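Some notes on the structure that comes next.
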Amino acid sequence: MNDQPPEGDHESGADVRRPVLHTTLRRLFTRLTPHTVPCVFRYSMDDPFAVALDVAPTPRTSVTWTVARDLLAQGMTRPSGEGDFRVWSSGAHQDADRCLYFSLDRPAGHVTFEADLLPIQSWLDATYELVPSGSESDLVDWRALEASLLGN
């Protein structure tokens, strides 16, 4: 794995409001190549309930999955999700060897990925340090949301 630590510290000049993790996913149950796929995990205070996964199966294509941050957090300890995104961990293995699994469904097909759990857990923890669980709605601009829903 070629994991890089989450961005967001003041020294690097990165935006602390947007923690980012660059990592590599391992594609499972497929004969297609390559078997590893670059992925970027993103979080933004502009959308405090969600996280985005930018999965790049080829250098020319990228697919973004936006999922609930709490769903990803639940998947660290127990199987979570239904429908087009499911996540679960490898369970009782040693901490250093624990993996996180993602199952993604699209009309074009199904894919399952495996990733090292610890870098993702560290990145996710950084998002909760930035915006604690339960305080997400304090960041939502409810008037702007209402206006966009009503077409104003």
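Given the criteria under 18 Å from Leu139 (Cβ atoms) and either modelled with pLDDT under 95 or under 12 Å from the mean Cα position of the chain (by Cα) (or both), does Ala56 qualify? The answer is no for Ala56. For segment 95-135, the tally of residues that are surrounded by 14 or more Cβ atoms within 10 Å (Cβ to Cβ), among the charged types (D, E, K, R) and in contact with a helix residue (DSSP H, G or I) (Cβ under 8 Å, 6 or more places away or on another chain) stands at 1.
Pairing residues of segment 131-143 that are closer than 16 Å to Ala68 by Cβ with residues that are of a type outside the set (S, T, N, Q) and surrounded by fewer than 10 Cβ atoms within 10 Å (Cβ to Cβ), at Cβ distances under 9 Å and at least 6 apart in sequence or on separate chains, gives Val131/Asp138. Looking at segment 69-89, can you tell me whether even one residue there is at pLDDT 90 or above, under 23 Å from Leu130 (Cα atoms), in a loop (DSSP other than H, G, I, E, B) and open to solvent by less than 50 Å² (accessible area, probe 1.4 Å)? Yes - at least one qualifying residue is present in segment 69-89. Touching a strand residue (DSSP E or B) at 6+ places or on another chain (Cβ under 6 Å) and over 19 Å from Arg26 (Cβ atoms): does that describe Leu71? Yes: the conditions hold for Leu71. Here Arg42 passes the criteria (1) touching a residue at least 24 places away in the same chain (Cβ under 8 Å); (2) in a loop (DSSP other than H, G, I, E, B); (3) among the basic types (Lys, Arg) except the one numbered (2).
Scoring Asp47 on the criteria (1) without any contact (Cβ under 8 Å) to a residue 24 or more places away in the chain; (2) open to solvent by less than 30 Å² (accessible area, probe 1.4 Å); (3) part of a loop (DSSP other than H, G, I, E, B) leaves a single failure, condition (2).
The values are calculated or read from the model by the stated rules, or taken from the named source; none is laboratory data. Quantities reported herein were computed from a predicted structural model and do not represent experimental measurements. Methodologically, a virtual Cβ is constructed for each residue, glycine included, from the backbone with ideal geometry; neighbour enumeration extends over all protein chains shown. Remember, those area values only see protein heavy atoms, side chains included, never the ligands or the DNA or RNA. Shrake-Rupley method; radii C 1.70, N 1.55, O 1.52, S 1.80 Å.
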